[in-house]
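First the structure, in the form of structure tokens, and then the observations on it.
The values are calculated or read from the model by the stated rules, or taken from the named source; none is laboratory data. If you're wondering where the values come from, they're calculated on a predicted model, not measured in any experiment. Quick reminder, even Gly has a Cβ in these numbers, built from the backbone with ideal geometry, and neighbours come from all protein chains shown. Surface accessibility is based on the protein's heavy atoms, side chains included, excluding ligands, DNA and RNA. Shrake-Rupley method; radii C 1.70, N 1.55, O 1.52, S 1.80 Å.
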Amino acid sequence: LEHLPIDVSQYLQPKVEPVAAKPDIARMCTILNRLQAGVLDYCDFLAEVTTAWEDSYCWPCGFVYFEMDRTTREIRCRRVHPSRVYYLRGEGRRPWHLCFEDYVSPEVVAAQFPKFESEIMATKSESPEIIPGVDPPSTGDARTVKLVHCWRRAEGKTPGRYVVSLAKRVLNGAEDGEGKGEEWAYDFFPFAVTRNRWDNEGFGGVPVGRY
């Protein structure tokens with residue numbers, strides 16, 4: 001094998017390590033690692049976060065988005081393109097707001113928000129911008145619409161806000177017929193974020209290409 005080119009790679013894996021050497025703490029960490037590995041394996045997180053890490057070679061950050069299907073209630077994750085995630089640099093390393101543009105089939109959106117089905121199906125088609133020579137050319141003819149997700153994280157006992165919109169129409173929190181968004185009870189966003197190292201300010205990092 002010494003004359004053959006061999007490429008060895010391994011997925012990124014989070015791990016819980018004990019600080020103390022007590023047997024019961026070490027045993028609990030082992031159980032947590034097994035539980036964590038099972039959950040992450042089920043949603044294919046390790047493959048997605050490895051791809052997100054590769055994004056940070058030329059982008060400030062890589063992102064893996066965690067979401068729950070509104071029809072099946074299943075939790076899943078996927079790597080999203082960094083060019084579709086927006087944050088305010090002036091808000092520092094822990095920004096209060098984050099937005100994500102997603103391009104989805106209108107049928108999928110209508111299944112999640114049936115009250116707005118007619119408006120969703122009538123929405124103008126949009127697809128992500130393709131950078132010639134960088135992104136692979138699009139080979140499909142599937143129709144997609146731009147769905148925008150926006151979060152403001154919670155602060156102490158004050159809940160944040162989560163809004164899903166399509167063509168400036170808020171879709172979620174529409175119990176009374178008009179979308180108003182939903183409370184976001186967490187002080188973090190539903191993303192796993194990778195970066196090579198922190199920038200001198202802001203939420204982003206320094207891409208490897210800038211070294």
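Of all the criteria given as (1) more than 23 Å from Gly90 (Cα to Cα); (2) of a type in the set (Lys, Arg); (3) at pLDDT below 85, the one not satisfied by Arg210 is (1). Of all residues in the range 59-83, those that are over 14 Å from Pro190 (Cβ atoms) have Cβ atoms under 6 Å from Cβ atoms of residues that are assigned to a loop (DSSP other than H, G, I, E, B) and basic (Lys, Arg), 6 or more apart or on another chain, in Cys61/Arg195. Please specify each residue of the range 165-211 satisfying the condition of being open to solvent by 70 Å² or more (accessible area, probe 1.4 Å), in a strand (DSSP E or B) and more than 29 Å from Ala111 (Cβ to Cβ). Passing the criteria: only Trp198.
Out of the residues in the range 44-58 that are among the hydrophobic types (A, V, I, L, M, F, W, C) and part of a helix (DSSP H, G or I), state the one that is most open to solvent (accessible area, probe 1.4 Å). Step through it out loud before you land on a result.
Our first condition is that a residue be among the hydrophobic types (A, V, I, L, M, F, W, C); within the range 44-58, this holds for 45-47, 49, 52-53, 58.
Pick out the ones that are also part of a helix (DSSP H, G or I) and you get 45-47, 49, 52-53.
Working: Phe45: 21, Leu46: 33, Ala47: 21, Val49: 12, Ala52: 0, Trp53: 80 Å².
The residue in question is Trp53.
Residue-level check: of (1) more than 25 Å from Gln112 (Cβ to Cβ); (2) touching a helix residue (DSSP H, G or I) at 6+ places or on another chain (Cβ under 7 Å); (3) among the hydrophobic types (A, V, I, L, M, F, W, C), Cys77 misses just (1).
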